[in-house]
Amino acid sequence: MSDQASRLRNLVEERAVEESQAREIGELYFDVAENTRVIAITSGKGGVGKTSLAVNLAVGFQMAGQKVMLIDADIGMANVNLLMGSVTNRSLIDLLNDEVELEDVVENGVMGVKYISGVAELEATLSLNRNEQKKLHKKLGRCSEMANIIIIDTGAGLNRNVIEFILAAEEVLLITTPEPTALADAYAVIKAYTTYTERRNIKLIINRVREEEECEDVAEKMNQTTKKFLGVSVNCLGYIYDDKVVSEAVHRQEPFIIANPKSPAARCVSELVKILLSGGRMGSVSKGWRGFLDRLFGY
Ligand SMILES: Nc1ncnc2c1ncn2[C@@H]1O[C@H](COP(=O)(O)OP(=O)(O)OP(=O)(O)O)[C@@H](O)[C@H]1O
Ligand SMILES: [Mg+2]
């Protein structure tokens, strides 16, 4: 079987680039220490809580002393900026403009979390020419100087953009609710993921559970199904309670982990932060942010 990088290359459009050229670019632009952790947050079904988790997890990590950047890669539904309580003028795609530097698109959010807004036109990244890809690759490379954890809020479902982001990220958190439709769609993501990569760094988070047992039930069922039909085990990292503070916080455009730190949902997210920081890491060897960009842009 070919390695993951080449599979990614097959998945996306042909990107003719000489190996030597790729190395040259890598050496030119990425001489910083690469210890950045990249976590993609995804789901099969839409509306299951990706953005809420991404924002609150980002703030939670920052409160735990990490330097966090949140990138909104949700095509067409970009809304991280709303939950960060501000509106931005610039987004990821503006980096294609020669006059725009990384600093121009990075905003300072709640608790000092840095974030980059997404836009509908992000879809255009897939038809970028080689020069545009290089430009994005080069400019985004410096994100790892600004953060040691980069969280990517992907869109839902199995479109090519989402798949590319989750294949490029070293850690993937797959969010689902206990609803059968959400579970079926989550299963489809696991199936695609295991088809395209040999990585097994995808973990489930069950959102909107009413009690802990519900999470165990759902996780067990999902694991049995993936084992039976895909031959893989998928672990469950944890759960978030169904909690009215989540929607209240969305309305107030404020992370619930700050507004209601003692609420059940906030306590769950704090627990997830702890797990992720203390050996809950879902991969052994990290290539950090640079590795993510290389894979995303087919280097
Ligand atoms: N734990 C929870 N308890 C109660 N309500 C929740 C919870 N998580 C999410 N919600 C509700 O679901 C809504 C959608 O959440 P969110 O926007 O985070 O989902 P999403 O997966 O990012 O959606 P999309 O696919 O549209 O990007 C929230 O506005 C909130 O009302
Ligand atoms: Mg969202």
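The values are calculated or read from the model by the stated rules, or taken from the named source; none is laboratory data. What you are looking at is a predicted structure, and each value in this text was computed from that prediction instead of being measured. Using ideal geometry, Cβ is built from the backbone for each residue, glycine included, and neighbour counts are taken over all protein chains shown.
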Unmet criterion (only one of (1) under 15 Å from the mean Cα position of the chain (by Cα); (2) at positive phi) for I205:
(2)
Would you be able to say whether some residue in segment 267-289 is of a type outside the set (A, V, I, L, M), under 30 Å from L140 (Cα atoms), modelled with pLDDT under 90 and touching a Cys at 6+ places or on another chain (Cβ under 8 Å)?
yes
State all residues of segment 222-253 that are part of a loop (DSSP other than H, G, I, E, B) and within 16 Å of ligand 2 (Cβ to nearest atom); if no residue qualifies, say none.
Q253
I'm told E24 meets every condition in (1) modelled with pLDDT of 90 or more; (2) away from ligand 2 (no atom under 16 Å from the Cβ) except one. Can you identify the failing condition by its number?
(1)
Counting only residues that are surrounded by fewer than 19 Cβ atoms within 10 Å (Cβ to Cβ) and either closer than 16 Å to V55 by Cα or of a type in the set (D, E, K, R) (or both), segment 210-242 contains a total of 12
